[in-house]
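None of the figures in this text is laboratory data; all of them are computed from the coordinates on show. Just so it is clear, the model here is predicted, and its values are computed rather than measured. Cβ sites come from the backbone with ideal geometry, for glycine too, and all protein chains shown count toward neighbours.
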Amino acid sequence: MARIIAGLGSPHAPSIGALIDKGAWQEPGWEKLLDGYRPMQDWLRERRPDAAILIYNDHVTSFFFDRYPTFALSVAGEHPIADEGFGPRPLPPVRGDAEFAWHVAHSLVDDEFDLTVCQDMPLDHGALTPVSALWPDHAEGWPCAILPLAVNVLQFPVPGPGRLFRLGKALRRAVESFPRDMDVVVLGTGGLSHQLHGERFGYQNQDWDMEFLDRLQDDPEHLAGLRLQDFIERGGAEGAEVIMWLAMRGALSMRVRCLHRNYHAPLHTGFAQVIYEDMPHVA
């Protein structure tokens with residue numbers, strides 16, 4: 001039987017991907033953020049998960065505002081690198097697991113999460129930034145199969161925090177009903193507080209970011225009970241994308257062990273990285 005061993009959280013800013021591609025891990029001002037990936041890289045090398053369910057949002061690359069699905073899962077055996085207007089990043093196509101992905105798709109639909117199922121879904125920075133940062137040894141191919149699950153956090157109506165938390169629980173049921181013996185991690189992506197447009201452009205709320213991380217670990221049901229508007233008011237319009245982290249947390253047991261936590265806000269976005277080890281047998 002497949003099992004979830006941990007949940008990881010990562011930002012997905014394209015600037016991080018650009019630094020990786022330039023080999024500029026020690027670029028002044030970014031050291032604390034990029035150093036925050038090193039314990040995650042080491043942990044992944046040690047634990048060697050077989051698959052990662054990647055919860056991210058597409059930035060109008062595979063979808064546009066005239067057709068923007070609430071949830072979209074790629075079931076392909078390989079995911080192409082998207083061209084976001086300046087050429088594709090120099091990365092090999094991301095390895096998938098079609099058999100596992102189709103199982104997850106059927107299970108989620110049976111669990112009343114209606115999906116758009118995609119067999120050709122190029123990945124943009126929302127997916128590629130965290131994947132390339134977490135698995136830097138990808139030149140000869142990716143060591144872990146990736147199941148990209150795109151969530152609409154851009155085009156209203158947007159699913160609320162409770163819906164994302166329940167999605168995580170449905171993902172756990174999907175994983176645990178898959179008969180193959182394999183270890184799975186769930187990766188939630190997105191920046192913490194930030195707003196990139198309008199009167200609150202540049203808005204950041206580090207107090208909210210700290211509260212969010214504390215509650216995500218120990219009291220996720222409180223976060224799941226908030227309104228989307230609460231996330232927008234406290235974390236900014238774009239900062240509400242952290243509801244994707246709630247899906248990651250919903251896929252874990254109620255008790256987790258925090259193995260790593262890092263926070264850095266170098267510009268106008270709160271960036272965080274976490275590893276939560278699943279503890280299913282702890283009351």
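Using only alpha carbon positions, build the gyration tensor of segment 3-278, then give the equivalent ellipsoid semi-axes as the square roots of 5 times its eigenvalues, largest first, whole angstrom.
24, 22, 20
What distance in nm lies between label points placed 7 Å from Cα along the C-beta direction at Gln206 and Arg38?
Going from the Gln206 label point to the Arg38 one covers 2.2 nm.
Convert each backbone phi in segment 90-101 into a coupling constant with the Karplus relation 6.51 cos²θ - 1.76 cosθ + 1.60 (shift: θ = phi - 60°), then list the ³J(HN,Hα) values in order as whole Hz, x for Gly and Pro.
Per residue, the Karplus-derived 3J(HN,Hα) values read x, 10, x, x, 7, 6, x, 8, 4, 4, 5, 5 Hz.
Counting DSSP beta bridges in the chain, what percent are antiparallel, to the nearest 5?
About 45 percent, rounded to the nearest 5.
When a/c is below 1.5 the answer is rounded, else prolate if a/b is larger than b/c, else oblate, so apply that to segment 1-121 with a ≥ b ≥ c taken from the square roots of the Cα gyration tensor eigenvalues.
oblate
What does the convex hull of the Cα atoms of segment 177-283 come to per residue, in Å³, rounded to a whole number?
Output value, Cα hull per residue: 115 Å³.
Between Val60 and Arg257, what FRET efficiency comes out of the Förster formula 1/(1 + (r/R0)^6) with R0 = 25 Å and r the beta carbon distance, rounded to 0.05?
According to the calculation, E is roughly 0.10.
Treat each spin label as a single point 7 Å out from the Cα along the C-beta direction, and report the Glu221 to Arg45 distance in nm.
So the label points at Glu221 and Arg45 sit 4.0 nm apart.
How much length, in nm to one decimal, is gained on full extension between Trp25 and Glu199, taken as 0.36 nm per residue of separation minus their Cα-Cα distance?
59.3 nm
Given +1 on the Cβ of Lys and Arg, -1 on the Cβ of Asp and Glu, and no further charges, what dipole in debye does the chain carry about its Cα centre, rounded to the nearest 20?
The dipole magnitude comes to about 400 debye.
Ranking request for peptides 7-16, 92-101, 134-143: highest mean number of other beta-carbon atoms within 10 Å first, then the rest in descending order.
Answer by packing, highest mean first, reads 7-16, 92-101, 134-143.
Return the whole-Å distance between the Cα centroid of segment 119-193 and the Cα centroid of segment 205-283.
15 Å
Add -39500 (n - 2.57) for each DSSP H run of 4 or more in the chain, then divide by its residues: what number comes out at 222 nm, to the nearest 500 deg cm²/dmol?
-10000 deg cm²/dmol
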